[in-house]
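The values are calculated or read from the model by the stated rules, or taken from the named source; none is laboratory data. All values reported here derive from a predicted model rather than from experimental measurement. Note that we place each Cβ from the backbone using ideal geometry, even for glycine, and neighbour counts take in every protein chain shown. The protein model used for the area step is the full one, side chains on, heavy atoms only, and it has no ligands, DNA or RNA in it. Shrake-Rupley method; radii C 1.70, N 1.55, O 1.52, S 1.80 Å.
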There are 2 protein chains.
Amino acid sequence: MQLTRFTDFGLRVLMYLCTPAPDQREQAVTVAEIAERFEVSRHHLNKVVQFLAQQGWVVTTRGKGGGLALAQPPSHYRLGQLIRTLEGDLPLIDCAEPPCALHRRCGLKPLLDEGLDAFFAALDAHTLADTHTAKTQQVLVKLQRLSRPSV
Amino acid sequence: MQLTRFTDFGLRVLMYLCTPAPDQREQAVTVAEIAERFEVSRHHLNKVVQFLAQQGWVVTTRGKGGGLALAQPPSHYRLGQLIRTLEGDLPLIDCAEPPCALHRRCGLKPLLDEGLDAFFAALDAHTLADTHTAKTQQVLVKLQRLSRPSV
């Protein structure tokens, strides 16, 4: 049981955008920068960022000096909600593929749904801000410093 | 975020074996029967059943009249424990593939672990017996009746 790579990247982008505050950077964060820092394909990350923008979670500004930023403060993003949306709200088991003989009369399904609700409830008790611990912030600041042109 | 097909089949086999009591059947349940009832490959199901036997969850008897049965009453199997074992106790995100720049300094990982613990705790509140609702039992009894040779 693993989160999809799409969700994984979506969360990494959102965490990356937590720091630093825009006015402390010379240039806006770009998809290219994040792709390079996390060593993932820019093409793949573009799709993820497009989704994040569609959800209203990030704002993108085009042109010279343009880039990405969080649309809201990190504390506004409930982790459970982020993951549920990124995952596409899929059920834990696809009862129709292959078609299960117990489909629609299954005593397991409601219990799995209960477990999944507990999972998201535990995550909703936290926000994106809670992922931004001191250690995480240290690493992110270092990663972002790599982007500054040397003078 | 989905359970693996291996876990899916493992649970289906265990549920199938909940009913009926062995003395109410003319023949023991076989892998071939379950494979046919759920329309899945016998080869695939053999691997699953092998795993279930290794865990001590089912007993297999060889030879004429041989087959499968639960090793313990259904109420002895905690759902969370079954799923955790079938899933191989994998983390929700593989931080090493692709290697994440935040690895070991990540504020997200402990929160995901917390969510996963909540998921398994909710499931451990139930046993295999709880999956065996009246509706599920009805379907399973019908499925098993299909196996009886016509007289």
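Below are the figures for this structure:
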{"read-out": "GNM flexibility winner over chain B from B:Asp94, B:Asp130, B:Asp113 (Cα, springs under 10 Å)", "value": "B:Asp94"}
{"read-out": "Tilt relative to chain A, helix A:42-54 - C-alpha long axis, 0 to 90 degrees, to 10", "value": "80"}
{"read-out": "Mean ellipticity per residue at 222 nm, deg cm²/dmol - from DSSP H runs of n ≥ 4 across chain A, formula -39500 (n - 2.57)", "value": "-14500 deg cm²/dmol"}
{"read-out": "DSSP-loop trypsin sites (Lys or Arg not before Pro) across segment B:26-57, with at most 10 other Cβ within 10 angstrom", "value": "none"}
{"read-out": "Estimated vicinal HN-Hα couplings, Hz - segment A:63-69 in sequence order (Karplus 6.51, -1.76, 1.60; Gly, Pro = x)", "value": "x, 4, x, x, x, 10, 7"}
{"read-out": "Gain on full stretching of the segment that runs from B:Ala28 to B:Arg62 - 0.36 nm per residue minus C-alpha separation", "value": "11.2 nm"}
{"read-out": "Interface residues, segment B:67-102 - accessible area loss of 50 Å² or more versus chain alone, probe 1.4 Å", "value": "B:Leu92, B:Ile93, B:Pro98, B:Ala101, B:Leu102"}
{"read-out": "Top of B:Val49, B:Val29, B:Val40 by mean-square fluctuation, Gaussian network on chain B, Cα under 10 Å", "value": "B:Val40"}
{"read-out": "Taking segment B:30-69 and dividing mean pair separation by its residue count, relative contact order in percent (alpha carbons under 8 Å, at least six apart)", "value": "35"}
{"read-out": "Shape of segment A:1-81, Cα gyration tensor, a/c cut at 1.5", "value": "oblate"}
{"read-out": "Integer Hz, Karplus 6.51/-1.76/1.60 couplings in order for segment B:125-133, x for Gly and Pro", "value": "6, 10, 10, 4, 4, 6, 7, 8, 6"}
{"read-out": "Label-point separation in nm, A:Glu114 to B:Gln2, each point 7 Å along Cα→Cβ", "value": "2.5"}
{"read-out": "Loop-located trypsin sites (Lys or Arg not before Pro) in segment B:90-151, at most 13 other Cβ atoms within 10 Å (DSSP)", "value": "B:Arg104"}
{"read-out": "Segment A:64-124 shape via C-alpha gyration tensor axes, a/c threshold 1.5", "value": "oblate"}
{"read-out": "Shielding by other protein chains, B:124-136, mean Cβ within 10 Å", "value": "4"}
{"read-out": "0 to 90° range, to nearest 10: angle between helix B:109-124 axis and chain B longest Cα axis", "value": "20"}
{"read-out": "For the protein assembly as shown: rounded, prolate or oblate by the Cα gyration tensor [a/c cutoff 1.5]", "value": "prolate"}
{"read-out": "Built amide H within the under 5 Å cut-off of B:Gln2, gap 5+", "value": "A:Gln2"}
{"read-out": "With DNA, RNA and ligands ignored, accessible area of B:Asp89 (1.4 Å probe; Å², nearest 10)", "value": "100"}
{"read-out": "At 7 Å out from Cα toward Cβ: B:Gly65 inter-copy label distances (nm, ascending)", "value": "8.8"}
{"read-out": "GNM flexibility winner over chain A from A:Val13, A:Val58, A:Val141 (Cα, springs under 10 Å)", "value": "A:Val141"}
{"read-out": "Loop-resident sites, segment A:1-104, for GluC sites (Glu not before Pro), counting at most 12 other Cβ within 10 Å (DSSP)", "value": "A:Glu26, A:Glu39"}
{"read-out": "³J(HN,Hα), Karplus 6.51/-1.76/1.60, whole Hz, each residue of segment A:70-79, x for Gly, Pro", "value": "5, 7, 10, x, x, 5, 7, 9, 6, 4"}
{"read-out": "Length-normalised contact order for chain B - Cα pairs under 8 Å, 6+ apart - percent", "value": "30"}
{"read-out": "Mean separation of Cα contacts under 8 Å, 6 or more apart, over the residue count of segment B:1-88: relative contact order %", "value": "35"}
{"read-out": "Where the protein assembly as shown is the region considered: accessible area per residue in Å², 1.4 Å probe", "value": "52"}
{"read-out": "Built amide H within the under 5 Å cut-off of A:Ala69, gap 5+", "value": "A:Val59"}
{"read-out": "Alpha carbon centroid spacing (whole Å) that separates segment A:46-108 from segment B:27-81", "value": "37"}
